Amino acid sequence: PSFTIDLTREYANGDWTHRYWTQIMQVVSGKRYWEIDKHSFWNKYAFYNYIQELVAGSAGVAPTKQMIESAIIPFSEVLSALKPTHLLVLSKRLWEYLPSDGWPGDDLIIGNQKRDTWLYPISEGKVKATWLPHPSYRFSAPKWHPWVTAFLKQ
């Protein structure tokens, strides 16, 4: 039950390393990994796995319908407990699985490209969400950082 918490804590403490967590820090901060204080970063941002169980032993495998349905209530509970202002979803496929209890937000636009957003209601207002590609597959933090910056400014 504490798998994600344990791994994130180990990464933040420097006891373990993984490209996935490093890419997340870089895309959010816009800095190179050696310029980022891991502990400070992970104490500022929350990390959450929407699917609450291991999907497969390798990348690219879709969760089952049962896994997706089982994730809805915990997701709402986490949003209610943490009350974030922004939610960055790190997978296009996952973006399509998220609950639709909310409404479309303003599109993010950079140049001639746009990205959709979604607003989730919580007791303290709303959470603005958007998505980026999954950081473990052909991901470039410098390419996607401007989208994170634009998103966080909205």
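Of everything in the range 86-100, what is in contact (Cβ under 8 Å) with a residue 24 or more places away in the chain and not aliphatic (A, V, I, L, M)? Give them in sequence order.
The first filter runs over the range 86-100 and keeps only residues in contact (Cβ under 8 Å) with a residue 24 or more places away in the chain, leaving 86-95, 97-99.
Across the range 86-100, the qualifying residues are His86, Ser91, Lys92, Arg93, Trp95, Tyr97, Pro99.
Please work out which residue is surrounded by the fewest Cβ atoms within 10 Å (Cβ to Cβ), limiting yourself to the range 111-154 and to residues that are among the small types (Gly, Ala, Ser) and under 18 Å from the mean Cα position of the chain (by Cα). Filtering first and then ranking leaves Ser140.
Among the numbered conditions (1) in a strand (DSSP E or B); (2) more than 25 Å from Ile51 (Cβ to Cβ), the only one that Pro121 does not meet is (2).
Results for (1) modelled with pLDDT of 95 or more; (2) hydrophobic (A, V, I, L, M, F, W, C); (3) within 23 Å of Trp21 (Cβ to Cβ), shown as yes or no for each residue.
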| site | (1), (2), (3) |
| --- | --- |
| Leu79 | yes, yes, yes |
| Lys83 | yes, no, no |
| Tyr137 | no, no, yes |
| Trp144 | yes, yes, yes |
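Put simply, of Ile68, Ile73, Ile36 the only residue that is on the phi < 0 side of the Ramachandran plot, under 17 Å from the mean Cα position of the chain (by Cα) and of a type outside the set (Gly, Ala, Ser) is Ile68.
Filter the range 1-17 down to the residues that are part of a loop (DSSP other than H, G, I, E, B), closer than 30 Å to Ile72 by Cβ and either open to solvent by less than 30 Å² (accessible area, probe 1.4 Å) or among the small types (Gly, Ala, Ser) (or both) and list them by number.
So in the range 1-17, the residues part of a loop (DSSP other than H, G, I, E, B) come out as 1-2, 13-17.
Filter again for closer than 30 Å to Ile72 by Cβ, leaving 1-2.
Correct list: Ser2 only.
Hey, among the residues in the range 85-110 that are open to solvent by 70 Å² or more (accessible area, probe 1.4 Å) and of a type outside the set (A, V, I, L, M, F, W, C), which one's farthest from Pro63 (Cα to Cα)? The residue in question is Asp106. Would you say Pro74 is without any contact (Cβ under 8 Å) to a residue 40 or more places away in the chain and either assigned to a helix (DSSP H, G or I) or open to solvent by 30 Å² or more (accessible area, probe 1.4 Å) (or both)? Criteria met by Pro74.
Against the conditions (1) in contact (Cβ under 8 Å) with a residue 60 or more places away in the chain; (2) touching a helix residue (DSSP H, G or I) at 6+ places or on another chain (Cβ under 6 Å), Gly60 satisfies every one except (2).
Counting just the residues of the range 18-53 that are free of Cβ contacts under 8 Å to residues at least 12 places away in the same chain and within 24 Å of Val78 (Cα to Cα), which one comes out least open to solvent (accessible area, probe 1.4 Å)?
First, pick out the residues of the range 18-53 that are free of Cβ contacts under 8 Å to residues at least 12 places away in the same chain: 18, 22, 31-37, 40, 44.
With within 24 Å of Val78 (Cα to Cα) added as a condition, the list becomes 22, 40, 44.
Working: Thr22: 21, Ser40: 71, Lys44: 148 Å².
Ranking the qualifying residues of the range 18-53, first place goes to Thr22.
Can you confirm whether the range 110-129 contains a residue that is in contact (Cβ under 8 Å) with a residue 60 or more places away in the chain, of a type in the set (Phe, Trp, Tyr) and touching a helix residue (DSSP H, G or I) at 6+ places or on another chain (Cβ under 7 Å)? Within the range 110-129, none of the residues are in contact (Cβ under 8 Å) with a residue 60 or more places away in the chain, of a type in the set (Phe, Trp, Tyr) and touching a helix residue (DSSP H, G or I) at 6+ places or on another chain (Cβ under 7 Å).
The values are calculated or read from the model by the stated rules, or taken from the named source; none is laboratory data. The shown structure was predicted, so the numbers you read here are calculated from the model rather than taken from an experiment. In this analysis, Cβ positions are derived from the backbone assuming ideal geometry, glycine residues included, and neighbour counts consider all displayed protein chains. Areas reflect the complete protein model, heavy atoms only, side chains present, ligands, DNA and RNA absent. Shrake-Rupley method; radii C 1.70, N 1.55, O 1.52, S 1.80 Å.
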